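Read through the structure below, which is laid out as structure tokens, and then see the notes.
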Amino acid sequence: MLDIGPIHRKEYEAETDRSEPVVVAEAPGRIHYLGEHGEPGAGLYLSSAIDRYVRAAVSLRKDNSIRFYAADLGERKRTTLVNLKYKREDRWANYIKVAVHVFAELGCPVKGLNFTICGDIPQQAGLASSTAIEVASVMALKGLFQISIGERELFNRLCAAGELFLGKNVSPVDYLIALSARKDQFLLVDEAVMEVTKIKSTLSRYRILVMDSRVPRLGVEDELAQRRRETK
């Protein structure tokens, strides 16, 4: 993966104070072994993180602009705190906006910010690459503002901000996994109460190969409709 720190400084070198810190954080993708197609809102998931990540770098600006740079894509977006809202054309930057909103609501001095992201999680493959952007950005901001906040409160605020910006596309389970995942552990997630039980992995000596079948994934509503058709 790209070394995001130097890339971030080079991208914004004319617009930032070199004495300001650049905070870098990362969040993993995830895989569900069981439970993804269970009863919505009441399922049990057996999941784990994967060794693919999104990294986010953030630093303060001299002005009130909020800038986003996707180093992998060579794309740039911008907004301000006053205009912080979902925009379809902003695509990947909308996930960073979720994280910015979390800390604005906490009363942090969110004015001018520079963000850079990069990652190696395959996109559109059901491995939660968008959630990784949100969580990596949240953790980078948490470090930048040096705020003390518990994992449960951070999870709840992420869910609220995600619903505000992304609507029904939010997956609280994915937030919980990204925040709770540790190396060589399975996560048993009870979706009904949003609790996680960590189980030591017995597969640390093995490799799991994830393949793209090129079969489109069904959304929740599509899947329920298909079930109804099959039971008629």
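The values are calculated or read from the model by the stated rules, or taken from the named source; none is laboratory data. Because the structure is a prediction, the values reported are computed rather than measured. Note: ideal-geometry Cβ built from the backbone for every residue, glycine included; neighbour counts use all protein chains shown.
Points to keep in mind about this one:
- Selected residue (criterion: surrounded by the most Cβ atoms within 10 Å (Cβ to Cβ)) from residues of segment 127-146 that are assigned to a loop (DSSP other than H, G, I, E, B) and within 13 Å of the chain's Cα centre (by Cα): Ala128
- When Gly29, Gly43 are screened for being under 30 Å from Ile208 (Cβ atoms), among the small types (Gly, Ala, Ser) and more than 16 Å from the chain's Cα centre (by Cα), only Gly43 passes.
- Residue among Lys77, Lys97 that is of a type outside the set (Phe, Trp, Tyr), farther than 19 Å from Gly167 by Cα and either touching a Phe, Trp or Tyr at 6+ places or on another chain (Cβ under 7 Å) or crowded, with 16+ Cβ neighbours inside 10 Å (or both): Lys77
- Cβ-Cβ distances below 7 Å connect the following pairs, each with a first residue in segment 181-192 that is on the phi > 0 side of the Ramachandran plot, a second residue that is surrounded by fewer than 19 Cβ atoms within 10 Å (Cβ to Cβ) and at pLDDT 90 or above, and a separation of six or more residues or different chains: Asp184/Lys200.
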